[in-house]
Amino acid sequence: MSCNLCWAHTLRACFAIAIVSAVQAAPSAASEPLPVSDTLVVTATRSPQHPIDVPMGIEVIDRSEIDLSGATQVVELLDGVAGVQVYDLYGDGRSATIATRGFGSTGSMNTLLLIDGRRVNNSLDIGSPTLAGVSVEEIERIEILPASAGGLYGEGAVGGVINIITRPVGDAGVFIEATGGSRSFERYTASLSTGMQAGSGFRVFTEQRRGDGYRDHSAMERSLAKVTAGREWSGARGFATFSLLEEYSQLAGALFAEEVAQDRKSARNHTDFLDAKRELVRLVSEFDLPLNWSLNSELSWRRDRVDGAIEFGGMPSLTDQFREQVLFTPRLVGQSPSVHGPTLWTFGVDLESGEYAFSSVLGTQVAEQDHAGLYAQVIHPLARAWTLTLSTRAGTQDLWLQDGFTFPSGERQTDTLWGGGAALAYQVLPTTIWYLRLDRNHRFARVDEHSGQPFNPLGVYRPLDAQQGLSWETGIDWAAGPQVAHLDLYLLDLTDEIAYDSTQFANLNLDATQRVGLNARWDWRHNRALQLGLRYSHLHARFETGPHDGNRIPLTPRHQAAAVVSGAVRSFDYFAEWRWYDEQRVSADFANQFPALDGYQTLNLTLGWAAGDWAVKARVINALDEHYSGFAAVAYNPATFSNDVGYYPAPERTYEVRLQWRMR
């Protein structure tokens, strides 16, 4: 019996024992349960709730941690979080994939990314969602839910949910910042917020970023402008946001091993680029209703146009991509009395409509898609220390697509899937919460996944099946004084997992896969001068059936760890972060026949000084000057007329210096 199978049977047995114990156990009336933490979180329920009511092991990166880190991009904040993997092609966040629970290259389709609760994933195509539309300076906190959440969020919330929550309009002040660094890196940000005066206010924000990049032909330039206006009435609140993001990126492409050895800064492609314009309009409203109920809704419109060039057959091929989406997400949240405390109810609808078009030398793809999800969740106190959470969801996707090869006459596919989950939480001690969760998840194939299928000599194709999964999880949250700890074990079984197979140059439904893992974290905020943090993840991810039975799933490091030491003494603050990734199979290597991607470690250091309205920060990224590749994939090598491993070398030691001025 394989070690992976032992893990699975052992974990299933633990779950069964835990369920029986939960049914038989009786709560103690002698001890009054006290909250483990006072932090309110929104990701697990889509409304602000106490952690005891959300048994999911959410990790929060708050504003103080963001300031100490000195990070200038979101991916830097997420790298090192237990259960989260970041694959950054060029080391500056513009081409990064964020994955949870070992989804590697398909992380952007299996990890749901939210900004203030709004989906930023591309539901039409496989392109990674851009996080350039939110600046680090705008962020209030980040909530990371490294667990399946298909019952509440539906499509794409397979490995977890990451919710970036921005600062409210009510924070008045002026902020100006200038950053300079290695390889001609420049970043300028400025914001002006009036605060909420006489029930209304607004905020204007802009960011400009440019740099030459670590490798040849990897320069980038980005411009972000955003305006947010808010209004408060008696029992109602609302705000509107408009943002415009323009970015230009040169794409150096992957290098093969001999090219990396010769010059890791060189470019394989000297003509590839992307030139994007992204527009977003967002309207949010909140209405207080009688009897502790509220009606919240969001209407957003998004349009992306991306022009570019991709080398094909030794010649640059011009590309044009268009994406337009409209989302409407009303939800009703309220409470009802019960014997052991209020019961929380959430009812909601997620509606999305989109259009997509992509053209290149290979032809044109066009698609129209409508998606509707209806969900409900109830959190009910069973006893003084027990809480039960139940959720259910029905999701329907109607897709019409047409391309020049696979579906030249057009193809319509309609899928309806049911999901849901259950969770049980028990406050063992005033400092400790134990929970058990079950969640059914799914994701639909994207347009370009349907089109890029294995060659069929009969010319007969059908759309890919939807991916479906079942996740089990148990964990413990503990907090005592300045210390907080978390431990969870999970088992995730998937059928028809969707991925790209480089040996067939096609997307397909994989045989059954299984991921068994562990996440652990510990934080100690001794005082303002000393704060410590440790993170560790273990992941066993393998195929369960088929020709690859027993093989490791690509881009799933068995071990992953991080450690942070930070604090502030008088006018100075410091931050040191160590990260380690174990070796892993390269993307698309399902047969496990190519060399593994080597493990690596990095050390990032930040030192800051502040006086009055002024602050200065200096950073050293990859202080150990580690030479590594953060991502690698199986790719065709024209020099050998065969498949090989293409690497994306990560930047060497990098320096940044930042000057800030803030007036409140």
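The values are calculated or read from the model by the stated rules, or taken from the named source; none is laboratory data. Keep in mind it's a predicted model, so treat the numbers as computed, not measured. With ideal geometry, Cβ positions are generated from the backbone for all residues, glycine too; neighbour counts draw on all protein chains shown. Heavy atoms of the whole protein, side chains included, go into the accessibility calculation; ligands, DNA and RNA do not. Shrake-Rupley method; radii C 1.70, N 1.55, O 1.52, S 1.80 Å.
Here is a check on your reading of the model: is Val634 farther than 24 Å from Leu532 by Cα, in contact (Cβ under 8 Å) with a residue 12 or more places away in the chain and part of a strand (DSSP E or B)?
Yes; evaluated as a whole, the condition is true for this residue.
Every residue in segment 501-522 that is part of a strand (DSSP E or B) and open to solvent by 10 Å² or more (accessible area, probe 1.4 Å), please. Before you say what the answer is, go through the steps one by one.
Here is the first cut: in segment 501-522, the ones part of a strand (DSSP E or B) are 501, 506-509, 513-522.
Listed by number, the residues that qualify are Asp501, Asn507, Leu508, Asn509, Leu518, Ala520, Arg521, Trp522.
Among what's in segment 352-364 and is in contact with a Gly (Cβ under 8 Å, 6 or more places away or on another chain) and part of a strand (DSSP E or B), pick the residue that is least open to solvent (accessible area, probe 1.4 Å). Per the stated criteria, the residue is Gly363. Any chance segment 556-569 includes a residue that's in contact with a Gly (Cβ under 6 Å, 6 or more places away or on another chain), assigned to a loop (DSSP other than H, G, I, E, B) and within 23 Å of Asp511 (Cα to Cα)? Taking every residue of segment 556-569 in turn, at least one turns out to be in contact with a Gly (Cβ under 6 Å, 6 or more places away or on another chain), assigned to a loop (DSSP other than H, G, I, E, B) and within 23 Å of Asp511 (Cα to Cα).
Residues being over 30 Å from Leu291 (Cβ atoms), more than 25 Å from the chain's Cα centre (by Cα) and of a type in the set (Asp, Glu): count how many of those fall in segment 214-270. Going through segment 214-270 one residue at a time, the tally reaches 4.
State yes or no: is Ser191 on the phi < 0 side of the Ramachandran plot, of a type in the set (Gly, Ala, Ser) and crowded, with 19+ Cβ neighbours inside 10 Å? Judged against the criteria, Ser191 is a match. Checked against (1) hydrophobic (A, V, I, L, M, F, W, C); (2) modelled with pLDDT of 85 or more; (3) surrounded by fewer than 21 Cβ atoms within 10 Å (Cβ to Cβ); (4) closer than 23 Å to Leu401 by Cβ, Ile498 passes all but a single condition, namely (3).
Of the numbered criteria (1) at pLDDT below 95; (2) closer than 15 Å to Gly151 by Cβ, the one Gly348 fails is (1).
The combined condition, being surrounded by fewer than 21 Cβ atoms within 10 Å (Cβ to Cβ), of a type outside the set (A, V, I, L, M, F, W, C) and on the phi < 0 side of the Ramachandran plot, is not fulfilled by Gly151. Pairing each residue of segment 450-477 that is within 30 Å of Leu388 (Cβ to Cβ) and open to solvent by 60 Å² or more (accessible area, probe 1.4 Å) with any residue that is assigned to a loop (DSSP other than H, G, I, E, B) and modelled with pLDDT of 85 or more, provided the two are 6+ apart or on different chains, yields C-beta distances under 7 Å for Gln468/Asp496.
Please find, among Ser249, Ser266, the residue that is of a type in the set (Ser, Thr, Tyr), farther than 30 Å from Pro337 by Cβ and either touching a Gly at 6+ places or on another chain (Cβ under 6 Å) or not in a strand (DSSP E or B) (or both).
Answer to the check: Ser266.
Restricting Ile98, Ile58 to residues that are open to solvent by less than 20 Å² (accessible area, probe 1.4 Å) and touching a residue at least 24 places away in the same chain (Cβ under 8 Å) narrows the list to Ile98.
Let's see how each residue does on (1) hydroxyl-bearing (Ser, Thr, Tyr); (2) under 30 Å from Ile58 (Cα atoms); (3) touching a Ser or Thr at 6+ places or on another chain (Cβ under 7 Å):
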| site | (1), (2), (3) |
| --- | --- |
| Ile162 | no, yes, yes |
| Phe175 | no, no, yes |
| Ala178 | no, no, no |
| Gly181 | no, no, yes |
| Gln208 | no, no, yes |
| Gly213 | no, no, no |
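Evaluation of Thr130 against the conditions (1) at pLDDT below 90; (2) surrounded by fewer than 20 Cβ atoms within 10 Å (Cβ to Cβ); (3) among the β-branched types (Val, Ile, Thr); (4) over 18 Å from Tyr153 (Cα atoms) shows that the sole unmet condition is (2).
The set of residues in segment 542-582 that are aromatic (Phe, Trp, Tyr), open to solvent by 30 Å² or more (accessible area, probe 1.4 Å) and touching a residue at least 24 places away in the same chain (Cβ under 8 Å) comprises Phe572, Tyr574, Trp578.
Pick from segment 239-295 the residues that are of a type in the set (Val, Ile, Thr) and surrounded by fewer than 19 Cβ atoms within 10 Å (Cβ to Cβ): which of them is nearest to Ala219 (Cα to Cα)?
Going through the qualifying residues, I end up with Thr271.
None of His548, His540 is touching a Cys at 6+ places or on another chain (Cβ under 9 Å) and either in a loop (DSSP other than H, G, I, E, B) or within 30 Å of Gly469 (Cβ to Cβ) (or both) except His540. For segment 360-377, the count of residues that are at pLDDT below 95 and touching a His at 6+ places or on another chain (Cβ under 6 Å) is zero.
Is it fair to say Gly80 is modelled with pLDDT under 90, on the phi > 0 side of the Ramachandran plot and over 14 Å from the mean Cα position of the chain (by Cα)?
Criteria not met by Gly80.
Checking the conditions here, which among Ala372, Ala383, Ala367, Ala394 is touching a residue at least 24 places away in the same chain (Cβ under 8 Å) and outside any strand (DSSP E or B)? Answer to the selection: Ala383. May I ask you to verify whether Glu298 is among the acidic types (Asp, Glu) and surrounded by 17 or more Cβ atoms within 10 Å (Cβ to Cβ)? When the stated conditions are applied, Glu298 passes them.
Take the conditions out of contact with any Leu (no Cβ under 9 Å at 6 or more places or on another chain) and buried (at least 17 other Cβ atoms within 10 Å of the Cβ) and apply them to Asn592. Does it pass? Here the answer is no, as Asn592 does not meet what is asked.
Would a scan of segment 523-541 turn up a residue that is within 30 Å of Pro554 (Cβ to Cβ), among the hydrophobic types (A, V, I, L, M, F, W, C) and buried (at least 20 other Cβ atoms within 10 Å of the Cβ)?
Yes, segment 523-541 contains at least one residue that is within 30 Å of Pro554 (Cβ to Cβ), among the hydrophobic types (A, V, I, L, M, F, W, C) and buried (at least 20 other Cβ atoms within 10 Å of the Cβ).
Could you please let me know if Ser47 is farther than 30 Å from Ala618 by Cβ, in contact with a His (Cβ under 8 Å, 6 or more places away or on another chain) and surrounded by fewer than 24 Cβ atoms within 10 Å (Cβ to Cβ)? When the stated conditions are applied, Ser47 does not pass them. Within segment 372-414, which residues are open to solvent by 40 Å² or more (accessible area, probe 1.4 Å) and among the β-branched types (Val, Ile, Thr)? Scanning segment 372-414 gives Thr392, Thr396, Thr414.
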